1. Counting just the residues of the stretch 31-56 that are under 17 Å from Thr91 (Cα atoms) and in contact with a Ser or Thr (Cβ under 8 Å, 6 or more places away or on another chain), which one comes out surrounded by the most Cβ atoms within 10 Å (Cβ to Cβ)?
2. Touching a strand residue (DSSP E or B) at 6+ places or on another chain (Cβ under 9 Å), assigned to a loop (DSSP other than H, G, I, E, B) and of a type outside the set (A, V, I, L, M): does that describe Glu117?
3. Does any residue in the stretch 173-196 that is among the hydrophobic types (A, V, I, L, M, F, W, C) come within less than 6 Å, Cβ to Cβ, of a residue that is near ligand 2 (Cβ under 10 Å from one of its atoms) and part of a helix (DSSP H, G or I) six or more places away or on a different chain, and which pairs are these?
4. Could you check Glu65 against (1) away from ligand 1 (no atom under 15 Å from the Cβ); (2) closer than 14 Å to Leu102 by Cα; (3) touching a Cys at 6+ places or on another chain (Cβ under 9 Å) and say which number it fails?
5. Considering the stretch 110-137 alone, what residues qualify as being in contact (Cβ under 8 Å) with a residue 60 or more places away in the chain, out of contact with any Leu (no Cβ under 7 Å at 6 or more places or on another chain), at negative phi and away from ligand 1 (no atom under 13 Å from the Cβ)?
6. Scan the stretch 52-96 residue by residue and report those that are without any contact (Cβ under 8 Å) to a residue 60 or more places away in the chain and part of a helix (DSSP H, G or I).
7. Going by the structure shown, is Lys167 within 10 Å of ligand 1 (Cβ to nearest atom), not in a loop (DSSP other than H, G, I, E, B) and not aromatic (Phe, Trp, Tyr)?
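The values are calculated or read from the model by the stated rules, or taken from the named source; none is laboratory data. Nothing here was measured: the structure is a model prediction, and the numbers come from that model. Cβ coordinates were reconstructed from backbone atoms using ideal geometry, including for glycine residues, and neighbour counts include every protein chain displayed.
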Amino acid sequence: MKRILITGGAGFIGSHLCERLLFEGHEVLCLDNFFTGSKDNIRHLLENKHFECIRHDIINPIYLEVDQIYNLACPASPVHYQYNPIKTIKTSVMGAINTLGLAKRVKARILQASTSEVYGDPEIHPQREDYWGRVNPIGIRSCYDEGKRAAECLMMDYRRQNHVDVKIVRIFNTYGPRMAVSDGRVVSNFIVQALRGDEITVYGQGGQTRSFCYVDDLVEGLIRMMNSEKDFAGPVNLGTPTEFTILELARMVIRMTGSASRIVFLPLPQDDPVQRRPDIALAREKIGWEPRVPLEEGLEKTIAYFQQVL
Ligand code: NAD
Ligand code: UDP
């Protein structure tokens, strides 16, 4: 039994991770400032005597005794990370410094939730971990992309300079139950729009691609990476290597919900990556990880969740 800190633990991915680690018999400390996370996501865990929730902003230092740290605190939807971009980059940079400082002091292992956004609008396809990426350093997505790149840099420098035991994962578009209705990312937007009979908002022509990973698969990958061999820090891609265009996703959601919604085409946001698919050979080799849930099956569960919430 370990004491495990999850920053951003009341968010979409964080709440699933809290649940899974409690189920495995660990003691879980969930830290969150509730910017995009919600008490509803963790309400069912509050009765568990091995669970604690702390309202705290990770841009400020925190002193705790823990064995492992999953650093997930950061708004992840473009709508939310662009709402207060200065706060977003502060969260990634100060959050990494504060959690690394904690890891160093108590000799905890730390895993950083990085992102496929470190590859920017990629020139190579699918994306491998040794690709350095094509990120606009001064655009509207930079607060998130560069914040995560700086967090990766901090992880590696604390490892080299202070021998902190770090792990880095690069998460590709992940979806599932407990995404907020107002999250703004594509899967939840399309499902909510379809269920409400609203127009389905495709940005651009919908030819851009993403590869969608179901949250249970992702959580399995996070835990495997955290508990992987000591000398292996990553970064490792975690995502499902099956690619869909956004228009294909829209049509799939309409079909699966039986919705009468029609598709409308809106302007493509600046710097929106054209193509994205993970190469997961490294995850297969190093942590024996492979996603299991096909998009249709994951969408079914996610649609059922939103039907209940709405
Ligand atoms: P989310 O917005 O649901 O979760 C983020 C959580 O962090 C929320 O609970 C939020 O309140 C909390 N938070 C934000 N700023 C904070 C701060 N300053 N101090 C404390 N808590 C703070 O998003 P998610 O999809 O669950 O993402 C979780 C992590 O995974 C993020 O770091 C995100 O960048 C990363 N990630 C997610 C995806 C994805 O597709 N879901 C892809 C790549 C990376
Ligand atoms: N997108 C869309 N309609 C929406 C929300 C998003 O067409 O209502 C598009 C968006 O432009 C992008 C893709 O879907 O090309 C994925 O967007 P999301 O915000 O989910 O994640 P990210 O762009 O960070 O991968």
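1. Taking the stretch 31-56 first, the residues under 17 Å from Thr91 (Cα atoms) are 31-37, 54-56.
Now narrow it down to the ones that are in contact with a Ser or Thr (Cβ under 8 Å, 6 or more places away or on another chain): 31-32, 36-37.
Values: Leu31: 25, Asp32: 27, Thr36: 24, Gly37: 23.
Applying the filter and picking the extreme gives Asp32.
2. Values: touching a strand residue (DSSP E or B) at 6+ places or on another chain (Cβ under 9 Å): yes; assigned to a loop (DSSP other than H, G, I, E, B): no; of a type outside the set (A, V, I, L, M): yes.
Considered against the rule, which asks whether it is touching a strand residue (DSSP E or B) at 6+ places or on another chain (Cβ under 9 Å), assigned to a loop (DSSP other than H, G, I, E, B) and of a type outside the set (A, V, I, L, M), Glu117 comes out as no.
3. Taking only residues 6 or more apart or on different chains, the pairs are Met179/Ser188; Val181/Val192; Phe190/Ala250.
4. (3)
5. Scanning the stretch 110-137 gives Asp121, Pro122, His125, Pro126, Arg128, Asn136.
6. Pro85, Ile86, Lys87, Thr88, Lys90, Thr91, Ser92, Met94, Ala96
7. Numbers: within 10 Å of ligand 1 (Cβ to nearest atom): no; not in a loop (DSSP other than H, G, I, E, B): yes; not aromatic (Phe, Trp, Tyr): yes.
When the stated conditions are applied, Lys167 does not pass them.
This table checks each residue for (1) surrounded by fewer than 16 Cβ atoms within 10 Å (Cβ to Cβ); (2) more than 21 Å from Cys18 (Cβ to Cβ); (3) over 22 Å from the mean Cα position of the chain (by Cα).
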{"position": "Pro61", "(1), (2), (3)": "yes, yes, yes"}
{"position": "Tyr70", "(1), (2), (3)": "no, no, no"}
{"position": "Tyr81", "(1), (2), (3)": "no, yes, no"}
{"position": "Thr99", "(1), (2), (3)": "no, no, no"}
{"position": "Lys104", "(1), (2), (3)": "no, yes, yes"}
{"position": "Gln112", "(1), (2), (3)": "no, no, no"}
